[in-house]
1. Test ARG97 against the criterion of being over 30 Å from MET2 (Cβ atoms), within 12 Å of the chain's Cα centre (by Cα) and of a type in the set (Lys, Arg), and give yes or no.
2. Does LYS70 satisfy the condition of being surrounded by 13 or more Cβ atoms within 10 Å (Cβ to Cβ), of a type in the set (Lys, Arg) and under 27 Å from CYS136 (Cα atoms)?
3. I'm told GLY61 meets every condition in (1) within 21 Å of LEU6 (Cα to Cα); (2) out of contact with any Cys (no Cβ under 8 Å at 6 or more places or on another chain); (3) assigned to a helix (DSSP H, G or I) except one. Can you identify the failing condition by its number?
4. Can you tell me which residues in region 128-160 are closer than 30 Å to THR174 by Cβ and in contact with a Leu (Cβ under 7 Å, 6 or more places away or on another chain)?
5. Scan (1) within 22 Å of the chain's Cα centre (by Cα); (2) in a helix (DSSP H, G or I); (3) at pLDDT below 90 for the single condition PHE154 breaks and write down its number.
6. Restricting attention to region 174-181, does a residue exist that is touching a residue at least 24 places away in the same chain (Cβ under 8 Å), in contact with a helix residue (DSSP H, G or I) (Cβ under 7 Å, 6 or more places away or on another chain) and not in a helix (DSSP H, G or I)?
7. Please work out which residue is surrounded by the most Cβ atoms within 10 Å (Cβ to Cβ), limiting yourself to region 109-132 and to residues that are of a type in the set (Gly, Ala, Ser) and assigned to a helix (DSSP H, G or I).
8. Restricting region 136-173 to residues that are aromatic (Phe, Trp, Tyr) and in contact with a helix residue (DSSP H, G or I) (Cβ under 7 Å, 6 or more places away or on another chain), which is farthest from LEU35 (Cα to Cα)?
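The values are calculated or read from the model by the stated rules, or taken from the named source; none is laboratory data. For clarity, every value in this text was computed on a predicted model and none was experimentally measured. A quick note on method: Cβ atoms are made from the backbone with ideal geometry, for glycine too, and the neighbour counts reach across all protein chains shown.
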Amino acid sequence: MMLRHLPNLICIARIALIWPVVAALRGADYEVAMLLFALAAVSDGLDGYLAKRFNWTSDLGKLLDPAADKLLLVCVFVSAAWLGLAPRWLTAAVVARDVLIALGALVFRMGFGPLQGRPTLLSKLNTAVQLAYLLCVMAHAAFSFASPGALEAFAGVTLVTTVVSGADYVVAFTRRAFAVPARPS
């Protein structure tokens, strides 16, 4: 059944949207960037819904979906910061969180064995907040939507969800590591 692969195809489409979003940002075509980014954001929810609703999950999808999310968010945050649309301190926190999670997963895999990665509720909330923040940044650039003060406050909220969800992953990895039986010497 071909529909079973639809969530993975949606993830691939989300990855394919990254370059056009970044190019539109670089070209100061903020309306197009916002539209494409919104489409990518909606695709994130859609692929997850389809995978869960119809049990169209796969090992590839379990890797592809978070990779698509991270690539999209990191590339757009870095581009927005480079262009002066988003604060560099927030972009640094977003990138540092993702690097920390990736390194934690790698260390766990190498030291303790397979890691059954499952996004936490805090991680899902953080992704939604980061997507919404970037949409607001683009809406501000395109249409002067939201005051600079409101964007600054939203950046603060985004920082909090980023730090809290990153800390949540560190705690989860640590708990899992302590729960793994010791390997024989």
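1. Against the criterion (over 30 Å from MET2 (Cβ atoms), within 12 Å of the chain's Cα centre (by Cα) and of a type in the set (Lys, Arg)), ARG97 qualifies.
2. Against the criterion (surrounded by 13 or more Cβ atoms within 10 Å (Cβ to Cβ), of a type in the set (Lys, Arg) and under 27 Å from CYS136 (Cα atoms)), LYS70 qualifies.
3. Failed condition: (2).
4. Within region 128-160, GLN130, ALA155, THR158, LEU159 meet the criteria.
5. It is condition (3) that PHE154 fails.
6. The answer is yes, given that some residue of region 174-181 is touching a residue at least 24 places away in the same chain (Cβ under 8 Å), in contact with a helix residue (DSSP H, G or I) (Cβ under 7 Å, 6 or more places away or on another chain) and not in a helix (DSSP H, G or I).
7. Result: SER123.
8. Selected residue: PHE173.
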